[in-house]
Amino acid sequence: MSETAVAVGHDLHEAHDHHGPTGILKYIWSTDHKIIAMQYLFTGMFMGLIGGYMAYVFRMQLAFPGINVPGFGQVSPGEYNALVTNHGSIMIFWVAMPVLIAAFGNYLIPLMIGADDMVFPRINRLSFQVFLLSAVILLLSLFVQGGGFGGAWTAYPPLSAVAEYNQTDLGSSLWLIAVALEFVAFLLGGINFITTLMNSRAPGMKAYDIPMVCWMIVIASVLFMLSVGPLIAGAAMLLLDQTLGTGFYDPARGGDPILWQHLFWFFGHPEVYVVLLPAIGITIDVIATFARKKVFGYKMMLYTAVATGVLSFFVWAHHQFIAGIDPRMANVFTVTTLLISVPIAELCFVIVATLYGGSIRLTTPMLWALAFMAEFLIGGVTGIFLGASGADIYFHDTYFVLAHFHYTFFPIAIIGTFCAFTYWFPKMFGKMMDDRLGKIHFWGTIIPFNFIFIPLFVLGMGGQHRRIYNYQHFPELATDSMYNLRQIATIALLVMLAFQVVFFFNMIKSWINGPAAGRNPWKSTTLEWTTESPPPHGNWPRDELPNVYRGPYEYGHPDREEDYWPQNEPV
Amino acid sequence: MKPIATTRSATGVPTGRLAIWWVLASEVVIFGGLLASYLMFRLGHPEWAEAASHTNTWVGAFNTFVLLTSSFTAVLAHQAAEKGDGKAAAKYLVLTIGGALTFALVKAGEWTYEISHGYTITANNFWAFYYTAAGLHALHVIGGAIIMGFIAFDAYRGKELQRVELIGIYWHFVDVVWIFLFPLLYIAK
């Protein structure tokens, strides 16, 4: 599906693409960073629809137990487990990462640093192909005998390791292989992003002239690379436990199931920042453009992001407070976890300070950027309850946790994506999106989102445990008021999903006959706006690649008539 | 035609060399995670020493010698490539591949002997780590040797000589991993 969608969008490129394969092969075998970005973007969107469909099915089962879900049918306990597990895996590994890092990283980094492509275009293509393979394996794993893996996206052994317990012999191994291949794809892509940013900047572009979103994607790639290694080793061990019957995680044979939790969360927590930092980078670029103001504290923001990355390696055990770890260790991890709220709060203040005194334009991308701040704040503040071991022992594995991380991941993966998509759509497709439809879609997404997850906070505080298929079996969790809250959340989800139709309608309508965007519709300063929309193969004519003379956020310069000063304009 | 991006060097370090160091960074944490897990277990289970006593230190030492020698020929290949002598570089790379093959063959014989004597991957967790860590390393040896074959083929015709250095850096890394594995799996009894 992704390839055909890409093919439709890129016939504009035809005139410029003189080398490489032709015809349909051009779109599935291209090494152009922009086409690879589109492949990631549309694969990610497609997977997002599947993840959303899964959420719809299990939310229906939770609110109306035993209902014949339209478009799915009766949900069995095994199917329910497979749905929640794969919803989580898909949304993080096959939506948030490919869209925020791979799609926008691929699209923006070469354009924003004034290069004609990534440094290793063929490795870039390989990265997408491995990613696509991983997505196909994951989807196939849902249809093998025994069904898809249902041991949660965290895949704790022994449940994930022993087929007797999880009942999905083939499904769990395929799930693990899919995740491992996804890691390989992002290691290949990450090396490309990092070396491209380090080495291929336009002449004159110094470290502090790099737009924040490029920095953030590259810092995220470094974080990913340094945190995922132990989990790759751990995944190899889990796969051997599953297939050959070793006992790495089996306490009866001298193994240790907690080892997996350490390896998983040593990756799993930095992973939050791996997807958060690109979303913050997107937000800060959009806010600077639409506040018509220089980013407040560029260097401080950069150092803060690095500090967040470093700290994120020392917080992982806050996921294991009830796993039997030493209480003294729990204290240490409580302190580091609460410390990490300091740099994150700093990033929020930088954004607020950028807005202060700006000349704010409430376009659709700006609304998404502001909503990101507001909603992520709720996610961050509720995290403090969970980072403190005293409170977490009670909240652990309740819907409070679930609502908390959806208040972080939804702003990151969904709001951040829509922010970037609506902002760079004119560059990607050469057309303007309809602002009125964009705002309808914005409010139609944000309002129901809060109606989904605020009730879940309340339910979590009321003791509603996660991973339960049917609350009717638990009389104290099956009261009328609790069911009312569950139904509010489910109906809000239905409303939110329905409003996504507006987005796809707007996207296709604008793509086909939206007004032409021109090179720089937002009057922005960074380099991607100095070329045609959409940019040709090679981004600029080969002998006219831009030079850089100043930082990326020169808005409202007092000596200039125009209120923006592009990076590539000589003094 | 290479993109201009590939030919730029804002840091002053050639892009290929920069990338290979990042590859190694990602590899260090993979082996690091595995070996840290092994060490934690080993410290908590003194009885693993009994299982470890069945590994053959002399075979391990021979393989260490083979791998170190192959690193030496990799350096000679780099030196030849620096001088622009592609044919000599290819010759030394082929010698390095020979070292890799010797290493893999010795390993195969060693494993066959151990498995036939009941020391399989499921025997206990020492052997599970032994086969996993050495197996992951052996995959790196084999993968590296295959890539080296392609690079030698190009180098012989005088093309892409800078890659001789890159595969050499990788090969030293494979060597260093083995320098960690050898004492941890063979010497510590």
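The values are calculated or read from the model by the stated rules, or taken from the named source; none is laboratory data. Quantities reported herein were computed from a predicted structural model and do not represent experimental measurements. So basically every Cβ, Gly included, is an ideal-geometry build from the backbone, and we count neighbours across all protein chains shown.
Structure values in brief
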| quantity | calculated |
| --- | --- |
| Enumeration of residues in segment A:233-276 that are more than 10 Å from chain B (Cβ to nearest Cβ) and of a type in the set (S, T, N, Q) | A:Gln242, A:Thr243, A:Gln261 |
| Qualifying residue in segment A:200-217 (condition: closer than 21 Å to B:Trp22 by Cβ, at the interface with chain B (Cβ under 7 Å from one of its Cβ atoms) and either outside any loop (DSSP other than H, G, I, E, B) or out of contact with any Asp or Glu (no Cβ under 6 Å at 6 or more places or on another chain) (or both)) | yes |
| Residue tally, condition more than 22 Å from the chain's Cα centre (by Cα) and either of a type in the set (Val, Ile, Thr) or within 14 Å of chain B (Cβ to nearest Cβ) (or both), over segment A:124-159 | 2 |
| Only listed residue being part of a loop (DSSP other than H, G, I, E, B), surrounded by 15 or more Cβ atoms within 10 Å (Cβ to Cβ) and within 23 Å of the chain's Cα centre (by Cα), chosen from B:Thr64, B:Thr96, B:Thr102, B:Thr55 | B:Thr55 |
| So A:Ala102, is it of a type in the set (A, V, I, L, M, F, W, C) and surrounded by fewer than 24 Cβ atoms within 10 Å (Cβ to Cβ) | no |
| A:Phe333 in contact with a helix residue (DSSP H, G or I) (Cβ under 6 Å, 6 or more places away or on another chain), touching a residue at least 40 places away in the same chain (Cβ under 8 Å) and not in a helix (DSSP H, G or I) | no |
| Selection within segment A:467-519 - under 30 Å from A:Thr417 (Cα atoms), of a type in the set (S, T, N, Q) and modelled with pLDDT of 95 or more | A:Gln487, A:Thr490, A:Gln500, A:Asn506, A:Ser510 |
| Members of segment A:136-182 found to be of a type in the set (S, T, N, Q) and surrounded by fewer than 19 Cβ atoms within 10 Å (Cβ to Cβ), listed by number | A:Gln145, A:Thr154, A:Gln167 |
| Residues of segment B:1-27 satisfying the condition of being assigned to a helix (DSSP H, G or I), more than 7 Å from chain A (Cβ to nearest Cβ) and touching a residue at least 24 places away in the same chain (Cβ under 8 Å) | B:Gly16, B:Arg17, B:Ile20, B:Trp21, B:Leu24, B:Glu27 |
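Per-residue answers, yes or no, for (1) among the small types (Gly, Ala, Ser); (2) under 23 Å from the mean Cα position of the chain (by Cα):
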site: A:Val274; (1), (2): no, yes
site: A:Pro278; (1), (2): no, yes
site: A:Ile284; (1), (2): no, yes
site: A:Arg292; (1), (2): no, no
site: A:Gly297; (1), (2): yes, no
site: A:Thr304; (1), (2): no, yes
site: A:Gln320; (1), (2): no, no
site: A:Ile325; (1), (2): no, no
